[in-house]
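**Q** Pasting a structure below so you can have a look.
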Amino acid sequence: GCMIGPADAAFDEWARISLQVDGPLTQVGVYADAGAGRWVFIGADADGADRVSAKIRALGRFAVMKDGTPPAIAHVLPETGSVVDADVEFSARVTDNGAGIKQEQDVILELDGVPLIAEYDPEADRVTATADLPLTAGAHHLAVTVRDAVGNESVATADFISR
């Protein structure tokens, strides 16, 4: 990593930090030292063939780190094998311990292959959605896709029946 000081200096405008990367630019990003052993992802813009950059508002300690771990998806509802009412709510717990999930459009719920309008609540690590129309009776397939800020992706699915 590199230290750019003084650490308490902040700018009125955004500045850009660019760091050299040894190896491919996949799954790497710029992280800022948040203290107490915590590093926070701040960006991963490719900058030429061997550099990655991010916008900063203050000086401090920065490092390039690799995040090869995809987000975790748990508690997908309805559960596979369940029988539900036609107005069921869809939900899942989504977490990422690396770069993090930075954009709502990186959390996708699809019902029978059709994207639902999903609400991602990063504070609660939860995504929820409802179908525009009541579900038709019979079998349905829910797919939850989550991408983190450096492109790692996870998919979880559930197959259930609507009354």
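**Q** Looking at SER162, is it in contact with a Phe, Trp or Tyr (Cβ under 7 Å, 6 or more places away or on another chain) and of a type in the set (S, T, N, Q)? Working first, answer last.
**A** Working: in contact with a Phe, Trp or Tyr (Cβ under 7 Å, 6 or more places away or on another chain): no; of a type in the set (S, T, N, Q): yes.
No.
**Q** A follow-up question, please. If I ask for residues that are over 15 Å from ARG57 (Cα atoms), at pLDDT 90 or above, hydrophobic (A, V, I, L, M, F, W, C) and open to solvent by less than 60 Å² (accessible area, probe 1.4 Å), which ones from region 1-45 would you list?
**A** Passing the criteria: LEU19, VAL21, LEU25, VAL28, ALA44.
Residues are listed down the side, and each one gets a yes or a no for (1) small (Gly, Ala, Ser); (2) touching a Lys or Arg at 6+ places or on another chain (Cβ under 9 Å); (3) open to solvent by 30 Å² or more (accessible area, probe 1.4 Å):
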position	(1), (2), (3)
ASP87	no, no, yes
PHE90	no, no, no
ILE101	no, yes, no
VAL114	no, no, yes
ILE117	no, no, yes
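**Q** Quick test for you: out of ALA49, ALA124, pick the one residue that is open to solvent by less than 60 Å² (accessible area, probe 1.4 Å) and among the small types (Gly, Ala, Ser). Lay out the reasoning, then the answer.
**A** Details: ALA49 fails: open to solvent by less than 60 Å² (accessible area, probe 1.4 Å).
The conditions single out ALA124.
**Q** Tell me which residues, restricted to region 52-69, are under 22 Å from the mean Cα position of the chain (by Cα) and in a strand (DSSP E or B).
**A** Of the residues in region 52-69, the ones under 22 Å from the mean Cα position of the chain (by Cα) are 52-56, 62-69.
Passing the criteria: VAL52, SER53, ALA54, LYS55, ILE56, PHE62, ALA63, VAL64, MET65, LYS66.
**Q** Could you check region 152-163 and list, in sequence order, the residues that are part of a loop (DSSP other than H, G, I, E, B) and open to solvent by 50 Å² or more (accessible area, probe 1.4 Å)? Steps first, please.
**A** Applying the first criterion (part of a loop (DSSP other than H, G, I, E, B)) to region 152-163 yields 152, 163.
Matches in region 152-163: ARG163 only.
**Q** Quickly run through region 3-39 and pick out the residues that are in a strand (DSSP E or B) and free of Cβ contacts under 8 Å to residues at least 12 places away in the same chain. Even if it seems obvious, please write down each step before you answer.
**A** Just the residues of region 3-39 that are in a strand (DSSP E or B), to begin with: 3-4, 10-20, 28-35, 38-39.
Result: ASP12, GLU13, ALA34, GLY35, ARG38.
**Q** Within region 76-87, does at least one residue satisfy the condition of being at positive phi, outside any strand (DSSP E or B) and either in contact (Cβ under 8 Å) with a residue 60 or more places away in the chain or more than 9 Å from the chain's Cα centre (by Cα) (or both)?
**A** Yes, region 76-87 contains at least one residue that is at positive phi, outside any strand (DSSP E or B) and either in contact (Cβ under 8 Å) with a residue 60 or more places away in the chain or more than 9 Å from the chain's Cα centre (by Cα) (or both).
**Q** Only residues that are in a loop (DSSP other than H, G, I, E, B), of a type in the set (S, T, N, Q) and either closer than 19 Å to PRO71 by Cα or out of contact with any strand residue (DSSP E or B) (no Cβ under 9 Å at 6 or more places or on another chain) (or both): list them for region 95-142, please. Even if it seems obvious, please write down each step before you answer.
**A** Here is the first cut: in region 95-142, the ones in a loop (DSSP other than H, G, I, E, B) are 96-103, 112-113, 116-117, 122-125, 131-137.
Going one step further and asking which of them are of a type in the set (S, T, N, Q), we end up with 97, 103, 136.
ASN97, GLN103 - these are the residues of region 95-142 that are in a loop (DSSP other than H, G, I, E, B), of a type in the set (S, T, N, Q) and either closer than 19 Å to PRO71 by Cα or out of contact with any strand residue (DSSP E or B) (no Cβ under 9 Å at 6 or more places or on another chain) (or both).
**Q** Applying the selection to region 124-163, what residues are of a type in the set (Asp, Glu) and at pLDDT 95 or above?
**A** Initial filter on region 124-163 (of a type in the set (Asp, Glu)): 125, 132, 148, 153, 159.
Across region 124-163, the qualifying residues are ASP125, ASP148, GLU153, ASP159.
**Q** Could you please find all residues in region 58-79 being loosely packed, with under 13 Cβ neighbours inside 10 Å and either of a type in the set (Phe, Trp, Tyr) or farther than 21 Å from ASP125 by Cβ (or both)? Please lay out each step first, then the result.
**A** Let us first name the residues in region 58-79 that are loosely packed, with under 13 Cβ neighbours inside 10 Å, namely 68, 74-75, 79.
Scanning region 58-79 gives no hits.
**Q** While we're here: Among the candidates ASP112, ASP87, which residue alone is touching a Pro at 6+ places or on another chain (Cβ under 8 Å) and over 27 Å from THR26 (Cα atoms)? Please lay out each step first, then the result.
**A** Numbers: ASP112 fails: touching a Pro at 6+ places or on another chain (Cβ under 8 Å).
It is ASP87.
The values are calculated or read from the model by the stated rules, or taken from the named source; none is laboratory data. Just so you know, these numbers come straight off a predicted model, no measurement behind them. When we count neighbours, we look across all protein chains shown, and the Cβ atoms used for this are built from the backbone with ideal geometry, even at glycine. Heads up: the accessible areas ignore ligands, DNA and RNA and are worked out on the full protein's heavy atoms, side chains in. Shrake-Rupley method; radii C 1.70, N 1.55, O 1.52, S 1.80 Å.
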